[in-house]
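**Student:** A single structure is presented below for examination.
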Amino acid sequence: MSILQASDKSRSMALILCIIGFIGVAGIHRFYAGKVGTGILFLLTGGLFGLGTIYDLIKIATNTFTDALGNPITRD
């Protein structure tokens, strides 16, 4: 059983980048979190047609969004 550590990424920065996704550059919050594969997918599909971006926005706001290693991004 492994103990999760908090990510060194900033939740505020992830939130700002996710909101920018609604303006036209969807997926940059995923690149920031180290999730390159899904970042490219979001970039090509407009944040999975906006629904994925809304989902991620809720996850970031509720401190349940994780980085590429599975560590929660909670640092502000």
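**Student:** Counting only residues that are small (Gly, Ala, Ser) and more than 11 Å from Ala33 (Cβ to Cβ), how many does the range 55-72 have? Before the answer, list the steps.
**Tutor:** The initial filter retains those residues of the range 55-72 that are small (Gly, Ala, Ser), namely 61, 68, 70.
When the remaining residues are screened for being more than 11 Å from Ala33 (Cβ to Cβ), the result is 61.
The number of residues fulfilling the criteria is 1.
**Student:** Moving on to the next point. Those residues that are surrounded by fewer than 19 Cβ atoms within 10 Å (Cβ to Cβ) and closer than 16 Å to Ile54 by Cβ, I need them from the range 1-43; list them, please.
**Tutor:** Within the range 1-43, Leu15, Ile16, Ile19, Ile20, Phe22, Ile23, Gly24, Val25, Ile28, Thr38, Leu41 qualify.
**Student:** Mind checking which residues of the range 53-70 are in contact (Cβ under 8 Å) with a residue 12 or more places away in the chain and within 12 Å of the chain's Cα centre (by Cα)?
**Tutor:** Answer for the range 53-70, where residues must be in contact (Cβ under 8 Å) with a residue 12 or more places away in the chain and within 12 Å of the chain's Cα centre (by Cα): Thr53, Asp56, Leu57, Ile60, Ala61, Asn63, Phe65, Thr66, Asp67, Ala68, Gly70.
**Student:** Then there's this: Can you name every residue in the range 47-67 that is more than 10 Å from Ala14 (Cβ to Cβ) and buried (at least 16 other Cβ atoms within 10 Å of the Cβ)?
**Tutor:** Gly47, Leu48, Gly52, Thr53, Thr66
**Student:** A further question follows. Given (1) modelled with pLDDT of 90 or more; (2) of a type in the set (Asp, Glu); (3) touching a helix residue (DSSP H, G or I) at 6+ places or on another chain (Cβ under 7 Å); (4) under 14 Å from Asp8 (Cα atoms), where does Asp76 come up short, assuming only one miss?
**Tutor:** (1)
The values are calculated or read from the model by the stated rules, or taken from the named source; none is laboratory data. Being a predicted model, the structure only gives us computed values, none of them experimental. Here the Cβ is made from the backbone with ideal geometry for all residues, glycine too, and neighbour counts use every protein chain on show.
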